[in-house]
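For reference, the structure is listed below as structure tokens.
The values are calculated or read from the model by the stated rules, or taken from the named source; none is laboratory data. Bear in mind that the values here come from a model prediction, so they are computed numbers and not experimental data. Neighbour counts are summed over all protein chains in view; Cβ atoms, including those assigned to glycine, are modelled from backbone coordinates with ideal geometry.
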Amino acid sequence: MELYEGLLTRRSIRKYNPEQTLTKEQILELIRAASYAPSAHNKQPWHFLILQDKEVLRTMRLIQPWTSFAKDACCIVVVCVDESETFHREKEGWNYAQIDGALAAQNLLLACHAKGLGACFCGAAPMPLVIDNLRKKFNIPGNILPVAIVTIGYPEEKPKTPEDRLNLDKVHWESF
Ligand SMILES: Cc1cc2nc3c(=O)[nH]c(=O)nc-3n(C[C@H](O)[C@H](O)[C@H](O)COP(=O)(O)O)c2cc1C
């Protein structure tokens, strides 16, 4: 698939064929693409938590309520970022964790689309309760921030192409 076409045709997919599975190699191919995302100072601070256990997929909705469709996914990839590794200025109280993580997640979504898989970005950070629950359930250390819960499976829906999303009211030339 041509990249520009892929960018315009990717959609969040929330219905998956429950009979299908992904091999470890297939999952690692997707993670490879995620790892080519840009990151501040090229720190590549991400970690990927792969979840395939059916019970875990079924009960993810108890951790993040808008993930009920994960029950039929082949896997979930929780995209995390190490906040001590990501480019940061401690004294000024900021870091690029959520941005780096979101970019890796977007690469992951696009890789899924390129491979004929369906995926959906489900939020984690900055929701404190979701972060907390994920850390507790999956032994994620305190310096590791879960940024996205990405559900992945073989698509069983074909959402229609949205209207042209280019909105000229939101394009500002030279001055806002
Ligand atoms: C930060 C963020 C959090 C999201 N959280 C959820 C979620 O919890 N559950 C869900 O079904 N979709 C979630 N989405 C997906 C959006 O609903 C989806 O991207 C949006 O409706 C546009 O549709 P499209 O991805 O098909 O273009 C999230 C997307 C982003 C960027």
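Here are some notes:
- Selection count where residues are over 14 Å from the mean Cα position of the chain (by Cα), under 19 Å from Leu145 (Cα atoms) and of a type outside the set (A, V, I, L, M), scope region 43-60: 3
- Consider region 84-101 and keep the residues that are surrounded by fewer than 17 Cβ atoms within 10 Å (Cβ to Cβ) and outside any strand (DSSP E or B). The one that is farthest from the chain's Cα centre (by Cα) is Lys91.
- Residue count for region 55-69, restricted to those that are within 13 Å of the ligand (Cβ to nearest atom) and among the aliphatic types (A, V, I, L, M): 2
- Matching residues, region 124-176, being under 24 Å from Leu22 (Cα atoms), part of a loop (DSSP other than H, G, I, E, B) and within 13 Å of the ligand (Cβ to nearest atom): Glu157, Lys158, Pro159
- Candidates in region 70-83 are the residues that are assigned to a helix (DSSP H, G or I) and surrounded by 20 or more Cβ atoms within 10 Å (Cβ to Cβ); of these, the one that is nearest to the ligand (Cβ to nearest atom) is Ala70.
- Flag if Glu90 is farther than 17 Å from Val147 by Cα, modelled with pLDDT under 95 and not aliphatic (A, V, I, L, M): yes
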